[in-house]
Amino acid sequence: MKSNIDLNKLCPIIKGRLSTSSNNIMPVIVSYKANEKVKEGQINSLSKNLKQNLPIINGCACEMSTESILRLTSEPTVEFISYDAKVFALMDDARITIGVDNSFNTPYTGKDVTVAIIDTGIAPHGDLIYPTNRIVGFKDFVNNKPKYYDDNGHGTHCAGILAGSGYASKGKYRGIAPEANILAIKVLDENGNGNTSDILSTVQWIIENKEVYKTRIVNFSLGAIAQYRERRDPLVKAANKAIESGLIVIAAVGNSGPMRNTILSPATGRYVISVGALDDRNSTSVYDETIADFSSRGPTLDRIRKPDLIAPGVDIVSLSNKNLTGYTNLSGTSMSAPMVSGAAALLLNENPNYNHFDIKKKLLNACSRIRASSYEQGAGVLDIGKIFRT
């Protein structure tokens, strides 16, 4: 059996943890080749705990010893075995509040467009439930609670940037698409952490229920360290499945800058609309704006230019999960991504027939470049007003 071991089927993390002890148990994601069935009997015979099936990547998540992992690499129908890596909310440190102008002169508001926010949940803040409750659904993959909540605050903050009505601030902190609907998905815990396998289950659920909630956009303000190329990356594969199913997928690139080659998954996917952070705090014009120091830089492992574009991400004021009529300020590419998701919702008001690639083209064509490299800014700073002037 050992002569058939294929280490090329293992991700770098697993390779790094290989030992002679068969008691070294680790969480893994097993992906099978296209058109091959997941062999549950085989997995059960090798696994200590079959966590869940993952049809979105034609695989499953389980716990397995290093000895069993090595044995499984000899199975010809197995394509790849990856570590079930931690996924985390992409939020940098909070800084002094300076506010941000989220009011744009467009005839569109995101009305009737549902955006799925995969995050820490959503609190019932006044800006989301007044004058109309626009939290149209909630799914809790962490604690299985039926009523929406947010024990971290990250998801609520992102939702406000995207779709806050400005009710509690008399319009001052209105979101980009103030009448968009929110499908709240809690997959990150109170510390903003989760697992790759849970994100995969989340995306599968969104796809299966997209007609129920009329979901058009998926916002990832989270990510995992990209350990391998996109064709083997489970999160990228899931994002691509969502795009194939008719959804528009937007993801933050991460807060691992200023070093290059630090884009997180699933923003590494070539088709995903990936968003970096702009620091516009001390600028008087677009030419004075800079890339936020924390914003991750490209290229990816596949040498793809990322991010695709950038949006403000420093000292952004949005909804608090503790004071349901109050606001707080946060920084990170997590704050940039929902701005772009909000812009996508406005575009769907302009033309509901736009697909993911139409939206991506429209967004990139509406960017203004600053003094930075393409691996820092992509096409440049999103100008929502420019979208509707062209």
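The values are calculated or read from the model by the stated rules, or taken from the named source; none is laboratory data. Here the structure is a predicted model, which means the values were calculated and not measured. Note that each Cβ is placed from the backbone with ideal geometry, even for glycine, and that neighbours are counted across all protein chains shown.
Structure notes:
- Subset of segment 143-164 [surrounded by fewer than 24 Cβ atoms within 10 Å (Cβ to Cβ), of a type outside the set (K, R) and over 17 Å from the mean Cα position of the chain (by Cα)]: N143, N144, P146, Y148, Y149, D151
- Contact map, segment 166-180: residues that are free of Cβ contacts under 8 Å to residues at least 60 places away in the same chain paired with residues that are part of a helix (DSSP H, G or I) and surrounded by fewer than 21 Cβ atoms within 10 Å (Cβ to Cβ), Cβ distance under 8 Å, separation 6+ or inter-chain. Pairs shown: Y167/G126.
- Those residues of segment 341-379 which are surrounded by 20 or more Cβ atoms within 10 Å (Cβ to Cβ) and among the small types (G, A, S), in sequence order: S341, G342, A343, A344, A345, A366, G378
- Test: residue in segment 223-230 that is of a type in the set (A, V, I, L, M, F, W, C) and either more than 14 Å from the chain's Cα centre (by Cα) or within 23 Å of A345 (Cα to Cα) (or both): no
- Number of positions in segment 39-96 that are part of a loop (DSSP other than H, G, I, E, B), more than 30 Å from G313 (Cα to Cα) and at pLDDT 90 or above: 6
- Checking C62 against (1) among the hydrophobic types (A, V, I, L, M, F, W, C); (2) more than 17 Å from D6 (Cβ to Cβ); (3) more than 25 Å from the chain's Cα centre (by Cα), the condition it does not meet: (3)
- The set of residues from segment 33-63 being aliphatic (A, V, I, L, M) and either surrounded by fewer than 21 Cβ atoms within 10 Å (Cβ to Cβ) or more than 23 Å from V236 (Cα to Cα) (or both) comprises A34, V38, I43, L46, L50.
- N353 passes every criterion in (1) in contact with a strand residue (DSSP E or B) (Cβ under 9 Å, 6 or more places away or on another chain); (2) modelled with pLDDT of 95 or more apart from (1).
- Restricting segment 25-43 to residues that are within 14 Å of A61 (Cα to Cα) and among the polar types (S, T, N, Q), the residue that is farthest from the chain's Cα centre (by Cα): Q42
- Residues in segment 262-282 that are of a type in the set (D, E, K, R) and more than 12 Å from T300 (Cα to Cα) were compared, and the one that is modelled with the lowest pLDDT is R281.
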